[in-house]
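The values are calculated or read from the model by the stated rules, or taken from the named source; none is laboratory data. On a predicted model such as this, the values are computed, not experimentally measured, just so you know. Positions of Cβ are generated from backbone atoms using ideal geometry, with glycine treated the same way; all protein chains shown enter the neighbour counts. In case anyone asks, the SASA skips ligands and DNA or RNA and just uses the protein heavy atoms, side chains included. Shrake-Rupley method; radii C 1.70, N 1.55, O 1.52, S 1.80 Å.
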Amino acid sequence: MKSILITLPSGKQIDIYKDKTVIGRNKTNTIVVSAKYVSGTHCALNKKGNSFFIEDLNSSNGTFINGKRIDKPTKLHNNDTISLGQKAVAFQFRSYSAALKNALEFVRKPRTIMLAAVGLVLVAGILAYIFIIKDWGKIDVRKALTRLQSAYGGNIFPDDPEILSALDSTISAQKQDPSYSETLEKRARYEDVIERIFSENNIQLDFSYIAWVESHYDPYAFNRRSGAGGMWQLMPATARQYGLRVDRSVDERLDPEKSTRAAALYFKDLISVFGKDSFLLVLAAYNAGDYTILYSLKQIKDPVKDRTFWYLYKNDLIPEETKQYVLKILALIILTHI
């Protein structure tokens with residue numbers, strides 16, 4: 001088992017193999033990070049068998065995994081993003097076996113690729129019948145998909161059986177969620193405010209479903225573990241960056257209108273980075289962080305053809321949590337437009 005840390009956004013790789021790897025500003029640490037917001041001994045990676053666990057060493061600004069602050073040893077998973085505080089250095093954790101590496105080399109051989117392509121065509125035909133022709137008719141999503149493709153381009157929803165199956169399952173799960181009807185009512189309560197502010201900032205209303213997944217449109221939602229707050233679950237540093245007051249006496253993230261204005265400005269910045277047609281990439285960046293998605297995009301072989309969320313999804317270049325996050329938002333958009 002080989003494990004590495006990738007410094008974001010530079011892509012520099014650091015092998016981790018010791019039973020304990022300490023990260024911080026002190027020169028005696030295993031990995032030295034000379035950054036203002038990093039503590040002397042900030043955090044440690046502890047190896048247990050083939051797994052790594054990360055723990056915060058009482059740092060001043062905290063250790064975050066995929067944007068969530070940790071308060072106890074936490075197991076690392078492939079593609080997890082580690083942030084030392086909210087403004088300091090970030091790493092991506094990667095772990096893979098030698099067997100996997102050999103397998104990847106094998107499938108790159110021309111003969112293997114040709115045989116795999118033939119097999120995939122046959123499997124795709126079977127799955128297309130099972131998931132699209134036979135079962136997909138259970139929920140009529142054509143109108144919603146046509147609208148999404150018109151707004152964001154054909155790559156918003158490729159004709160892929162695996163993706164269709166995953167979205168179908170997510171739609172069913174959301175439809176059966178006991179909180180669905182209640183959240184739909186809360187959405188109606190704040191929809192006028194959100195639509196007005198988004199319209200003023202030229203932001204598509206589809207981005208409003210982020211608040212559904214983040215907080216179920218609860219303006220007073222607060223995550224004690226990560227420190228995120230409000231309807232849009234903004235972190236304190238992000239909220240302040242976009243003009244909100246967050247201190248011991250006032251937290252404007254809990255104000256629906258002010259927090260929505262801050263979220264709209266944040267979306268504008270993300271759209272400027274990922275492009276006006278990159279709706280799904282912006283959703284992924286809101287969940288995983290823009291550094292993570294930017295680094296993942298560097299891994300694609302054909303940046304003209306494959307610069308899409310679905311390429312990252314199919315090639316496991318983003319955390320599983322982010323995959324499910326985007327699927328859930330797509331499912332909710334479809335459900336509320338049929």
*Restricting attention to the stretch 272-301, and to residues there that are among the small types (Gly, Ala, Ser) and outside any loop (DSSP other than H, G, I, E, B), which single residue is farthest from Leu8 (Cα to Cα)?*
Ser272
*Considering each of Tyr295, Tyr311 in turn, give the residue that is on the phi < 0 side of the Ramachandran plot and out of contact with any strand residue (DSSP E or B) (no Cβ under 6 Å at 6 or more places or on another chain).*
Tyr311
*With (1) modelled with pLDDT under 95; (2) open to solvent by 20 Å² or more (accessible area, probe 1.4 Å) as the list, and Leu167 as the residue in question, which single condition is left unmet?*
(2)
*Out of (1) part of a helix (DSSP H, G or I); (2) modelled with pLDDT of 85 or more; (3) open to solvent by 20 Å² or more (accessible area, probe 1.4 Å), what's the single condition that is false for Ser150?*
(2)
*Going by the conditions given, is Val193 touching a Lys or Arg at 6+ places or on another chain (Cβ under 6 Å) and either assigned to a strand (DSSP E or B) or under 26 Å from Tyr152 (Cα atoms) (or both)?*
no
*Which pairs have Cβ atoms under 7 Å, sit 6 or more apart or on different chains, and link a residue in the stretch 294-308 that is of a type outside the set (A, V, I, L, M) to one that is surrounded by fewer than 16 Cβ atoms within 10 Å (Cβ to Cβ)?*
Tyr295/Pro9; Tyr295/Gly11; Lys298/Gly11
*Inspect all residues belonging to the stretch 74-94 and state whether any of them is without any contact (Cβ under 8 Å) to a residue 24 or more places away in the chain and surrounded by 13 or more Cβ atoms within 10 Å (Cβ to Cβ).*
yes
*Hey, can you tell me all the residues within the stretch 10-31 that are in a loop (DSSP other than H, G, I, E, B) and exposed (fewer than 14 other Cβ atoms within 10 Å of the Cβ)?*
Ser10, Gly11, Lys12, Tyr17, Lys18, Asp19, Lys27, Thr28
_Tell me whether the stretch 231-240 contains one or more residues that are buried (at least 20 other Cβ atoms within 10 Å of the Cβ) and among the small types (Gly, Ala, Ser)._
yes
*(1) farther than 17 Å from Ser165 by Cα; (2) basic (Lys, Arg); (3) assigned to a helix (DSSP H, G or I): which one isn't true of Arg307, the others all being true?*
(3)
*asked:* Which of the numbered conditions does Glu321 fail, given that it passes all the others? Conditions: (1) at pLDDT 90 or above; (2) in a loop (DSSP other than H, G, I, E, B); (3) surrounded by 15 or more Cβ atoms within 10 Å (Cβ to Cβ); (4) among the acidic types (Asp, Glu).
replied: (2)
*Can you tell me which residue within the stretch 241-271, out of those that are part of a helix (DSSP H, G or I) and open to solvent by 50 Å² or more (accessible area, probe 1.4 Å), is farthest from Ser83 (Cα to Cα)?*
Glu257
*Scan (1) out of contact with any helix residue (DSSP H, G or I) (no Cβ under 7 Å at 6 or more places or on another chain); (2) of a type in the set (Ser, Thr, Tyr); (3) under 24 Å from Thr183 (Cα atoms) for the single condition Tyr311 breaks and write down its number.*
(3)
*Please verify whether the stretch 62-85 includes one or more residues that are small (Gly, Ala, Ser), under 30 Å from Ile163 (Cβ atoms) and at pLDDT below 65.*
no
*Test: residue in the stretch 172-179 that is open to solvent by 80 Å² or more (accessible area, probe 1.4 Å) and either at pLDDT below 75 or in a helix (DSSP H, G or I) (or both)*: yes
